[in-house]
Amino acid sequence: MDKLKTIVLVVEDAPTVRALAVSIIDDDLGCTSLSAATAREAIALLEQDQPIDLLFADVNLPDGPRQQWMGSNLHGEPSKCVPA
C-alpha cells in the first residue's frame, strides 16, 4: 500500500483517543484518515464508494460489538482490521 494513498477508518467513541489516533495516522504516517464515534457512523462510511484500506476499531463500542460489523464491511478481508 502506498502510504500517501492509504485510507484508514478510525472507529473510537472516546473523543481524545480518536483525535490522537487520527493525528498520528495523518501527521506521523502520512495517510488519510476518516473517523467515526459509533458503529453506526462507521457503517455509513463503509457503505460509501470511497475505498477504505484499513479499519482501526475500538473493541467495545457503545452501539454494538465490532465483531458484528467490521469483518463483513471490508470485503471479507478481516486482516485489514486492527482492534484497538
- [ ] Scan the strands (runs of 3 or more DSSP E) fully inside the chain and keep the ones with 1 or more residues being at pLDDT 75 or above, surrounded by 12 or more Cβ atoms within 10 Å (Cβ to Cβ) and touching a Ser or Thr at 6+ places or on another chain (Cβ under 9 Å).
- [x] 7-11, 32-36, 54-57
Open item on the list: Pairs needed: first member in the stretch 16-33, hydrophobic (A, V, I, L, M, F, W, C); second member anywhere, surrounded by 12 or more Cβ atoms within 10 Å (Cβ to Cβ) and outside any loop (DSSP other than H, G, I, E, B); C-beta distance under 6 Å; at least 6 residues apart or different chains.
Closed with: 21/10; 22/10; 22/33; 22/35; 25/8; 25/33; 31/8; 31/25
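The values are calculated or read from the model by the stated rules, or taken from the named source; none is laboratory data. Please read these numbers as outputs of a predicted model, since none were measured by experiment. Neighbour counts run over all protein chains shown; Cβ positions are idealised from the backbone, glycine included.
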